[in-house]
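First comes the structure, then the notes that go with it.
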Amino acid sequence: MTPDQILAEVRVMLIEIIGAEYALSLDIGMDTSFDGDLELESIEFVKLAAMLTQRYGDRVDFVAFLAAKELDEIIEMTTGELVTYIAHCSAFAGAVDG
Amino acid sequence: MFIHGLGMDNLSSFYYTLANPVAYAGAEVILYDLRGHGLSERPRTGYRMGDSVADLVALLNALSVKGPVHLVGNSYGGTVALGFAVTHPHRVASMVLIETHFRVTGWAEQIAAERSRVASADESALRRWLDRLGRKATRLADAADNLLDHTTFLADLATVRAIPMSRLRTLTCPVRAVYGEHSDVVDYARELDEYLPHCVLTVMAGCGHSVLMEASPALRKIVLDWFVTQTPSGIR
């Protein structure tokens, strides 16, 4: 999957979490920060992680991703960081599968 | 099993700090939102300590967790862990208690006082201020309002009685306790140390009640080291 495709899917998930009315008034891109730009509550971030695990969990290790981050790094995370990690894991999984 | 604290807290405070590192180390990790918190239901009643313990028992049973569990509780979450441990000692392998109250008199009064301080401000001005801060502040305030105004949360908290020290003394499971040097519950550290002599205690210099947030890296090391000692055949 390309980063653009993953970003599109993440955008749909975010719209579901924070509501279309609010989400569609924003331009959610790679630089969008969950806390600063989207004002995502921490419990909503957990919900996003659960949705991502359900969608990509077979090839993306979100536990490893988050375990390596300090608290302020998770708070300041951008959409792009997530998308990039998912793309990286997907590419690796694809390469392994041949 | 991670148990968060009361009020504005939910499972995300552990999700952001300790839960993923512990899971990465190989443990099976469970987090949940207490009744009335996070994304859990907010029924009108059921906020007494006995209810909190019963909810924990029901959750473990629903998840078919039969063997002893390692509990990690923050603030009131630790109190729930203690309540569970004294009534179900065979189901507890160890406990990590962070900033945990084990005498809870005065809480309901504290929360009620805070609530009336906020409510006495001009309601419409307060709402305008919250709206300016954006959706997050408004949602958090609404959630807290719902819990305080539409449930028996405060009344139930007022019924909570201390766990008798004689019962705490019956606990044999290993206990790791962490308190912030400047928190208002640090006195509990000395009492816990007295009644659970096998408890391993750390007081974090420079920290207040929010040890979990203020000292995440140090706390993470304490918890991971603790689980290594508690599970010599590997963290599971």
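Read-outs throughout are calculated quantities, based only on the coordinates presented, and are distinct from any laboratory measurement. Everything quoted here is computed from the prediction, not taken from an experiment. Please note: Cβ atoms are built from the backbone with ideal geometry, for glycine as well, and neighbour counts cover all protein chains shown.
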Roughly how big is chain B's charge dipole about its Cα centre, with Cβ charges of +1 (Lys, Arg) and -1 (Asp, Glu), in debye to the nearest 20? 460 debye
Taking a ≥ b ≥ c as the square roots of the Cα gyration tensor eigenvalues, with a/c under 1.5 meaning rounded and otherwise prolate when a/b beats b/c or oblate if not, segment A:3-97 comes out prolate
Selection from A:LEU14, A:GLY29, A:ILE86 lying farthest towards where the dipole of chain A points positive, charges on Cβ: A:ILE86
In debye to the nearest 20, the charge dipole size for chain A, taken about the Cα centre with +1 at each Lys and Arg Cβ and -1 at each Asp and Glu Cβ, equals 440 debye
Towards the positive end of the charge dipole of chain B, with charges on Cβ (+1 Lys, Arg; -1 Asp, Glu), say which of B:HIS4, B:GLY46, B:LEU56 has the farthest Cα. B:LEU56
Would you mind classifying chain B by shape? Square roots of the alpha carbon gyration tensor eigenvalues, ordered a ≥ b ≥ c; an a/c under 1.5 is rounded, otherwise it is prolate if a/b is larger than b/c and oblate if not. prolate
Suppose every Lys and Arg Cβ carries +1 and every Asp and Glu Cβ carries -1, with no other charges. What dipole size does the protein assembly as shown come out with about its Cα centre, to the nearest 20 debye? 1280 debye
FRET efficiency for B:VAL200 and A:GLU21, Cβ-Cβ distance as r, R0 = 56 Å, nearest 0.05? 0.65
Run the helix sum for chain B: -39,500 (n - 2.57) per DSSP H stretch of 4+ residues, divided by residue count, reported at 222 nm to the nearest 500 deg cm²/dmol. -14000 deg cm²/dmol
Compute the Cα gyration tensor for the protein assembly as shown, then decide on rounded, prolate or oblate, letting a ≥ b ≥ c be the square roots of its eigenvalues: rounded whenever a/c is under 1.5, prolate when a/b is larger than b/c in the other cases, and oblate in all that remain. oblate
Residues meeting the amide H criterion for B:VAL72 (H placed from the backbone, H to H distance under 5 Å, 5 or more places apart or on another chain) are B:PHE2, B:ILE3, B:VAL96
For chain A, set up a GNM with springs between Cα atoms under 10 Å and report which of A:ASP72, A:ASP58, A:ASP37 has the largest fluctuation. A:ASP72
Quick one: which residues, 5+ away or cross-chain, put their amide H under 5 Å from the amide H of B:LEU201? H built at 1.01 Å from N. B:ALA177
Helix-only mean residue ellipticity at 222 nm for chain A, each DSSP H run of n ≥ 4 adding -39500 (n - 2.57), per residue, nearest 500: -20000 deg cm²/dmol
Per-residue HN-Hα couplings for segment B:171-177 [Karplus 6.51, -1.76, 1.60; θ = phi - 60°; Hz; x = Gly/Pro]: 5, 10, 5, x, 10, 10, 10
How many angstrom lie between the Cα centre of segment B:141-204 and the Cα centre of segment A:26-97? 34 Å
Out of B:ARG176, B:ARG35, B:ARG167, a Gaussian network model of chain B with alpha-carbon springs under 10 Å gives the largest mean-square fluctuation to B:ARG167
When the Karplus curve 6.51 cos²θ - 1.76 cosθ + 1.60 is applied with θ = phi - 60°, which whole-Hz ³J(HN,Hα) does each residue of segment A:62-79 get, with x for Gly and Pro? 6, 4, 4, 4, 7, 4, 7, 9, 6, 3, 5, 5, 6, 4, 8, 4, 9, 4
If you plug each phi of segment B:46-58 into the Karplus form 6.51 cos²θ - 1.76 cosθ + 1.60 with θ = phi - 60°, what whole-Hz ³J(HN,Hα) values come out, in order, with x for Gly and Pro? x, 10, 7, 4, x, 5, 4, 5, 4, 4, 5, 4, 4
Among A:PHE45, A:PHE65, A:PHE34, whose mean-square fluctuation peaks in a Gaussian network model of chain A (Cα, cutoff 10 Å)? A:PHE65
